[in-house]
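Undergrad: I'd like to ask some things about the structure below.
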Amino acid sequence: RRASRCPSCAFTYAGDTYHLIRAGLAGDDRRDIPSTVRDHPRVFATLTAPSFGPVHNRPDRGTCRCGTHHPATDPTLGTALDPKTYDYAGAVLFNNHAGDLWQRFTNRLRREIAARAGLTQRELKESARLSYGKVAEFQKRGALHFHAVIRLDGADGPDTPPPSWANVALLSDAIRAAAAHSYTSVSAPAAD
């Protein structure tokens, strides 16, 4: 839960997290997931878009950078403080490629997990399965971010225990490394 970065989401998804973990993962059509799945290493992660420039906000302490204490219903929340310097093209391209970025993140995450476990990717596939449920959501600034429950299961899924090397610390470290990895750059034609 990332209350400091995303207070509204943290509150909204706090209850959902409990149900996702208890039931296994969202979107899993299987209803016979054993209760032992709650003992598998799992992390509730929020992956946010980079900054495209400062926006009007409601900080926990003090006022917005513009000097105003915006009410929650203020329509300027999430809009650029300086529209001339805000990277609108970058924001649009990020949202447009968010699905590809998620796929690259999960592929990289498998590599990071394998490296930390001292395995090849093939050996990882033979000993563990990466399972996740995610939700994509727009922030007030218009950028997508993902909330995900990410879990390590045994090779055959939630019915099988994870390998002995699998733990929350390893998974958390791999998630941080995969999220920090530079995935791609996109060139956009110049625009007025």
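The values are calculated or read from the model by the stated rules, or taken from the named source; none is laboratory data. Being a predicted model, the structure only gives us computed values, none of them experimental. Cβ sites come from the backbone with ideal geometry, for glycine too, and all protein chains shown count toward neighbours. Side chains are part of the model used for accessible areas, which takes the heavy atoms of the whole protein and leaves out ligands, DNA and RNA. Shrake-Rupley method; radii C 1.70, N 1.55, O 1.52, S 1.80 Å.
Undergrad: Please go through region 143-159 and give me each residue that is part of a loop (DSSP other than H, G, I, E, B) and surrounded by 16 or more Cβ atoms within 10 Å (Cβ to Cβ), ordered by number.
TA: The answer is Ala143, Pro158.
Undergrad: Considering only region 132-142, state which residues are surrounded by 18 or more Cβ atoms within 10 Å (Cβ to Cβ) and of a type in the set (Gly, Ala, Ser).
TA: The answer is Gly133, and nothing else.
Undergrad: Hey, Phe94 hits all of (1) within 22 Å of the chain's Cα centre (by Cα); (2) at pLDDT 95 or above but one; which does it fall short on?
TA: Among (1) within 22 Å of the chain's Cα centre (by Cα); (2) at pLDDT 95 or above, the lone unmet condition for Phe94 is (2).
Undergrad: For region 33-73: of the residues being in contact with a Ser or Thr (Cβ under 8 Å, 6 or more places away or on another chain), at pLDDT 90 or above and part of a loop (DSSP other than H, G, I, E, B), which is most open to solvent (accessible area, probe 1.4 Å)?
TA: For region 33-73, the residue satisfying everything is His69.
Undergrad: May I ask you to say which residue of Thr48, Thr120, Thr73 is in contact with a Phe, Trp or Tyr (Cβ under 9 Å, 6 or more places away or on another chain) and not small (Gly, Ala, Ser)?
TA: Step by step, each of Thr48, Thr120, Thr73 is checked, and only Thr48 is in contact with a Phe, Trp or Tyr (Cβ under 9 Å, 6 or more places away or on another chain) and not small (Gly, Ala, Ser).
Undergrad: On to the next question. Would you check which residues across region 164-192 are touching a Leu at 6+ places or on another chain (Cβ under 8 Å), assigned to a loop (DSSP other than H, G, I, E, B) and at pLDDT 95 or above and list them?
TA: Of everything in region 164-192, just one residue is touching a Leu at 6+ places or on another chain (Cβ under 8 Å), assigned to a loop (DSSP other than H, G, I, E, B) and at pLDDT 95 or above, namely Ala166.
Undergrad: Restricting the first residue to region 40-59 and requiring it to be without any contact (Cβ under 8 Å) to a residue 40 or more places away in the chain, which pairs with a second residue that is part of a strand (DSSP E or B) meet a Cβ separation below 7 Å and a spacing of at least six or different chains?
TA: Every condition considered, the pairs that remain are Gly53/Ala80.
Undergrad: While we're on this one: Residues of region 114-158 being over 30 Å from His56 (Cα atoms) and aliphatic (A, V, I, L, M), which ones?
TA: Those that are over 30 Å from His56 (Cα atoms) and aliphatic (A, V, I, L, M): Ala114, Ala115, Ala117, Leu119, Leu124, Ala128, Leu130, Ile150, Leu152, Ala155.
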